[in-house]
Amino acid sequence: MPLPKMQAMRLTEAAAERLKELVAASGKEHAGLRVGVTKGGCAGMEYTMEFVDAPGKFDETVEDRGVRVYIDAKAVLYLLGTEMDYVADKLSAKFVFHNPNQTSACGCGESITLTPAKPEALGAHGP
């Protein structure tokens with residue numbers, strides 16, 4: 001019997017609840033969040049997030065805690081094993097990524113350096 005496919009990203013309860021609120025406020029029942037990475041910032045890469053009605057043709061779909069998240073196909077190896085959280089304090093509220101593929105970050109925390117997960121890291125759980 002084949003092992004289940006490894007999920008590319010997980011959400012904390014706080015992240016899932018905040019995303020549910022944002023989707024409900026959008027008025028689009030089938031909306032989901034699309035997450036990716038792009039070149040930019042002083043450390044070399046930045047996370048991207050946008051609400052979409054449907055995934056891109058090759059996006060990875062993650063359903064976790066009642067929320068639908070689409071992972072940009074070009075970002076899957078950079079996000080593999082990542083946990084997305086939502087943190088609020090007295091001065092700010094934001095989504096935070098706990099990413100095992102992150103090797104460094106800039107001082108402000110807005111850009112990061114990522115190394116893609118190696119295919120052997122997928123082990124028996126790979127696609």
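The values are calculated or read from the model by the stated rules, or taken from the named source; none is laboratory data. What you see is a predicted model, and the numbers here were worked out from it, not measured in a lab. Using ideal geometry, Cβ is built from the backbone for each residue, glycine included, and neighbour counts are taken over all protein chains shown. For the accessible areas, the whole protein counts, side chains as well, though only heavy atoms, and no ligand, DNA or RNA atoms are used. Shrake-Rupley method; radii C 1.70, N 1.55, O 1.52, S 1.80 Å.
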Next on the checklist: Could you give me D for segment 1-108, from Stokes-Einstein at 37 °C and 0.692 mPa s, where the hydrodynamic radius is the Kirkwood radius over C-alpha pairs? Units µm² s⁻¹, please.
Outcome noted: 223 µm²/s
Item to check | segment 1-78, accessible area per residue, ligands and nucleic acids excluded (1.4 Å, Å²) | outcome: 61 Å²
Item to check | Sequence of Lys39, Lys28, Lys90 from largest to smallest accessible area, 1.4 Å probe | outcome: Lys90, Lys39, Lys28
Item to check | Over segment 25-77 - Rg/Rh using Cα atoms and the Kirkwood inverse-distance radius | outcome: 1.02
Checklist entry - How many nm is it between the label spots at Cys42 and Ala24, if each spot is 7 Å from the Cα in line with the beta carbon? => result 3.9 nm
Item to check | Sparse-neighbour loop sites [chymotrypsin sites (Phe, Trp or Tyr not before Pro); segment 1-104; at most 15 other C-beta within 10 Å; DSSP] | outcome: Phe58
Item to check | Ala93 paired with Ala73, simple spin-label distance in nm, labels 7 Å along Cα-to-beta-carbon | outcome: 3.6 nm
Item to check | segment 83-93 - phi-based ³J(HN,Hα) in whole Hz, Karplus 6.51/-1.76/1.60, Gly and Pro as x | outcome: 10, 9, 10, 10, 10, 10, 9, 5, 10, 7, 9
Next on the checklist: For a quick check of your reading of the filter: which GluC sites (Glu not before Pro) in segment 1-88 sit in a DSSP loop and have no more than 12 other Cβ atoms within 10 Å?
Outcome noted: Glu29
